[in-house]
Every structure is written in structure tokens, then in C-alpha cells.
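The values are calculated or read from the model by the stated rules, or taken from the named source; none is laboratory data. Here the structure is a predicted model, which means the values were calculated and not measured. FYI the Cβ positions are ideal-geometry reconstructions off the backbone, even for glycines, and counts take in every protein chain you see.
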Amino acid sequence: MNMVSSIPQNTDPFALAKELSGFHLIDGEMVKAVSGKTFDVVNPATGAVIGQAADGDEADVDRAVQSAAAAQKAWKKMPARERGKLVAECGRRLTEHVEELARLIALETGKALRTESRVEANVLADAFVFYGGLASELKGESVPFNPNMLTVTQREPIGVVGAIIPWNVPLMLMALKIAPALVAGNTVVVKSAEEAPLTVLRVCQIMNEVLPKGCFNILSGFGPECGGPLVAHPKVGKVTFTGSVETGKIVSKAAAEKLIPVTLELGGKSPMIVFADADLDKAVAGAVAGVRFTRQGQSCTASSRIYVHESIHDEFVAKLKAKADAMKMGDPLDEETDIGTIVSPDQMERVKGYIQKGIDAGGTANLCSALPDDPALKKGLYVQPVIFTDISADAPPSREEIFGPVTCVFKFTDYEQVIEAANDSEFGLAATVWTKDLHTAMDATQRLEAGFVQVNQNLVVQPNLSYGGIKKSGIGREASLEAMLEHFTHKKTIIFNMG
Ligand code: ADP
């Protein structure tokens, strides 16, 4: 393998978007859709078309899956540490390309370069390095079954993994699926999100310099036309999906038809509870990070329900609003911009619809920050973040996932009631608790119904921490060694009768 990438970094995202236009990457080659069709990729900050994506359908899916199935035969036979070295080498090369990846993802999704896109591109590279190092942890066990029989288990790859990813953090979410899948000896076909097909294609192009052809293929296309056939393809043995609850159900049913395992990372309506004794400034900073103002709230773990003790409620809201007001909305590619755009016109309508429903339900919509005044951004998908106060717990913004820059702040007085209110949700992805009291922290972390609970902090997903939800937030976990073992391998039991 050539240790130096022959792909030069291209930090002009407009030129790069054109260069990548109209292709899938299948069997190590940039190829057009079999139908020849494409769809536009739009810059959400201006409404301008920046390129095209190949519009994949069943025929493209079949090409990609056949290629992955053929590649898997040799890939699974490679010693695990050799696979790990190649995946880690992908991470190293992706690190060299962080700046171009960050600029391109900012262009196609509208996420601000400094606060969001560059961070995500680094997490992508880090996930490959992390999983590359875990290859020798694909261990089995020896089982004390019978002294005359050597009984062992070993981890084996599942085969071809179909991965369907969303647009909000496509680089990070793709990495957390494909890196463990590949290290475990599977090959992968990814279906990218309609709104963000180009940067993930670039990632695939960089990785294909390192990986044997066919190990990692990527298709762009629409959900039912391209994602549907991927889940249904007879040679796909595992599906990993991140997206909405409704689509998750469709994917899960289709996987059930084939009786194959599926991992689902779905929505959230994550509570943040701020007790009277909390360090207020720390909690406010945690809320700024937790609401994901810089990502326009487009996160499944967003702290979209904030419960604040009544003794500090007004001060908390005033400080939170002041922080949000100080954030600059603007061109995602401008280093000064804190908050970029919403990803698409449909998503913008949805967010505005929820803001209106909250107002109609009697909530007070505190508008934050300010729309950019640059005439070039007149058609940009900018929405001022909203902090709802005095809103009923039953209003749509209080209960449903918005996936936008909207949070609801509620007053509470009673401990039991706030725990009950926090758990009164169909979701169970994440929660945070803010207190200096150890007893309160211990009790709340035990009782909150969520897959990830943090006290006095609001870290985002880390490659080495297991991540995923309960209830309608999904099935299975991503990130960590556990995700690789449990979701991308099966355990074979082998008995040698030596008696
Ligand atoms: P969002 O509303 O956030 O776009 P979706 O769940 O619709 O969330 O989309 C997440 C991913 O699922 C996207 O890549 C999308 O194309 C894909 N998808 C949508 N519908 C289907 C489907 N019927 N089968 C498989 N994948 C789908």
C-alpha cells in the first residue's frame, strides 16, 4: 500500500462539490447511476445548486451489494489486526483531509465551519483510528463445559452490512457504523442522506485508496427507492440505521421479513434537570451545548426539555437567552459564524410549524440571536432559535421531536414530580442532571429512563462510550467495543471432543 495519499486536499468546497457530482462509489470506482439520473445538491445558506448526486435505485444497490459480497470473502480471511491497521490508516488519511471535509460538509448541510463542521470531521477521523486499534479485541471465550471437551467461542463477521445514515452529523454517524463493521470483517454498503451526499462520498474516495475494492461502497439516492432495496437485498445480512422513528419502523419491518438483525438509532426528547443548588453558569453553558444552538438544534440528543427549579428559573432563562443572543448567525463557511442554517426547506417548514404550534398552545416564544443581514444570504434557511417558557407540558414542542433550534424551559418545585415529568416521554435517549448534591445526582441517574445520563456536563458522542437509546429512541448501541462485538459479529460455539 502506498503510504501517501494521491488525493490532494481540495479546500475549495464549491470546486470539490462539482468534482464529486453525479457519482456513487462502487467496487472501487466512481460510477454514475445505472439509470443515469441525478438530483440537485443545494447550499442551504443561499439556495444555490452546488452539484448533483447520483440518484440510485435497485440496480445500483445490486451492483454495490454484489461487489461488497465478493470483497467480503477475502476481507474476512485477513487477520483481524491487518484489517485494523488498514482502518486506522483510513483514519490517518482522513485526518489529513479534515479541512476539506469540514468545508464541504458546511457547504452542503449549512452547519457552521468553526463550531460544528470542523469538530465533526475530526471525530470522523478519530473513530477510524479508535476502531482500528480494537481489532485484536475480537476475542472469544473458552467455556468450562466438560473437562474432556475444549469448548470455545469465536467472533465472526455477519457478512454485508447495509448502513443508512441521516444528514445531521453524517460523517460521525457513518464512521460509528462502518469503522466497527469493517474491523470486524464485514464489508459495507452505505446509503447516504439525500441532503448530504457529497462529503461522505469524498470520505469513501479517500478510504478506497487504502481498502481493497468493494469493501466499502457508497450510494446516494432517496429513501424508498434506494434505502428500501438496500434493506431488502438478499445478500445484506445486517442493517444499521439512524433516522426518524417512522422510517426506523419501516426499516425494522423490512429487516424482520428477512430475519436479519437491525440496529436503530432514532429520535429523542432529552431532558435536562437543573436543581436549585446547581452551579448556574455551568448549567447555562451546558444548556447552550445541550440544545445544540450551533447546530440549529438538529441533534437527536438535543436538550429540548429543560426543567429548572423555580428559585433559579428566571435567572437561568435570562442567562441562557443572553448567551444565545450573543451567538452570531451567518454564512456557515465564515469562521466568525456560530450558528449556520437549517438543512432543507422541508425541515425549515417543520421547525416553523412547531414554533407556531407552541405559540398557539399559549407558550411564550423567546426569539434569540438575529438573522444575518448579508443580502447574499437572503434565501438562506435561517431560523432564530426559540426558548419557550410558560408552555404546557402537553404542547407539541414539549412532547415531540422537532430537530430544530427550539427548547422548552419548565419550572419545577418538587423532586418526585420532575423525575416523573422527565420520564414522561416516548423517547429515552439522553438526559443530564445539574446539582452539587451527591444523593440527588445518584438517585436521579438511577431513575432517569435514558441510554446516556450525565451529571454536570454535556459531552457529545465519544467513540469509546456506548451510545443509544431505550423506548422509541432505538434498539442497540453504537460506539465502543461493545457495539462492534454485539452488532457486527455473531458468536460461534465450537466444541472439540478430546475424550
Ligand atoms: P429525516 O426525516 O431526518 O430525513 P429519515 O428517517 O426520513 O429522516 O431519513 C434517514 C435516512 O433514511 C435517509 O438516508 C433516508 O433516505 C433514509 N430512508 C428514508 N425512507 C426510507 C425507506 N423507506 N427505506 C430505507 N431508507 C429510508
Which one of these is modelled with pLDDT of 95 or more and in a helix (DSSP H, G or I): ALA193, ALA175? ALA175
Mind checking which residues of region 378-394 are over 27 Å from the mean Cα position of the chain (by Cα) and surrounded by 17 or more Cβ atoms within 10 Å (Cβ to Cβ)? THR389, ILE391
Residues in region 30-57 that are part of a strand (DSSP E or B) and of a type outside the set (A, V, I, L, M, F, W, C): how many? 4
Please enumerate the residues belonging to region 109-154 that are in contact with an Asp or Glu (Cβ under 8 Å, 6 or more places away or on another chain), in a loop (DSSP other than H, G, I, E, B) and more than 17 Å from VAL200 (Cβ to Cβ). ALA112
From the residues in region 155-172 that are assigned to a helix (DSSP H, G or I) and of a type in the set (A, V, I, L, M), which one is farthest from ALA64 (Cα to Cα)? MET172
Note: among CYS204, CYS226, just one is part of a helix (DSSP H, G or I), away from the ligand (no atom under 11 Å from the Cβ), buried (at least 18 other Cβ atoms within 10 Å of the Cβ) and in the same structural domain as HIS490 (by TED's automatic domain parsing), namely CYS204
Among helices (runs of 4 or more DSSP H) entirely within region 242-342, at least 3 residues that are within 23 Å of PRO166 (Cα to Cα) occur in 245-258, 280-291
Scanning for something in contact with a Phe, Trp or Tyr (Cβ under 9 Å, 6 or more places away or on another chain), part of a helix (DSSP H, G or I) and among the basic types (Lys, Arg), does region 350-370 turn up at least one residue? yes
When you go through (1) more than 17 Å from GLN66 (Cβ to Cβ); (2) out of contact with any Ser or Thr (no Cβ under 8 Å at 6 or more places or on another chain); (3) more than 16 Å from the ligand (Cβ to nearest atom) one by one for SER270, which number turns out not to apply? (2)
Would you check if there is a residue in region 110-123 being surrounded by fewer than 24 Cβ atoms within 10 Å (Cβ to Cβ) and closer than 28 Å to GLU82 by Cβ? yes
